[in-house]
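The values are calculated or read from the model by the stated rules, or taken from the named source; none is laboratory data. Predicted, not measured: the structure shown is a model, and the values here were computed from it. Backbone-built Cβ (ideal geometry, glycine too); neighbour counts: all protein chains shown.
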Amino acid sequence: MGASMTPIKVGDEVVCVDDGSATAHQYVYAVRDCIVQGEKYIVRWVGVNPATGNICVRLVGITRPQDYPFRADRFRPIVKTDISIFTAMLAPSPKQRVDADA
């Protein structure tokens with residue numbers, strides 16, 4: 001994960017940004033990814049993969065052989081934004097009477 005990226009934690013909803021066609025590493029382990037770019041997932045585990053040193057995640061409902069994790073940089077947290085302040089700004093304001101003699 002890059003320094004400017006929001007850290008991913010257990011329970012976060014994430015979107016896959018790299019479903020990566022199989023890499024040489026995946027061929028070695030005969031692991032075929034079952035994630036799809038643009039799809040949403042929920043993180044069930046975050047940690048360091050001792051085999052690679054990468055920050056990795058495991059996802060709810062997806063188990064790879066030997067529960068091998070996915071690199072966390074293949075996902076982006078879904079940040080839910082409250083836009084109510086902006087919608088309130090669009091609401092018409094009550095008209096105020098202005099005295100022309102003032």
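For this structure, a couple of remarks:
- Hits in the range 55-91 (condition: assigned to a loop (DSSP other than H, G, I, E, B) and buried (at least 17 other Cβ atoms within 10 Å of the Cβ)): Arg64, Pro69
- The C-beta contact set for the range 78-96 (first residue farther than 30 Å from Gln37 by Cα and among the hydroxyl-bearing types (Ser, Thr, Tyr), second residue in a helix (DSSP H, G or I) and at pLDDT 80 or above, distance under 9 angstrom, 6+ apart or interchain) is empty.
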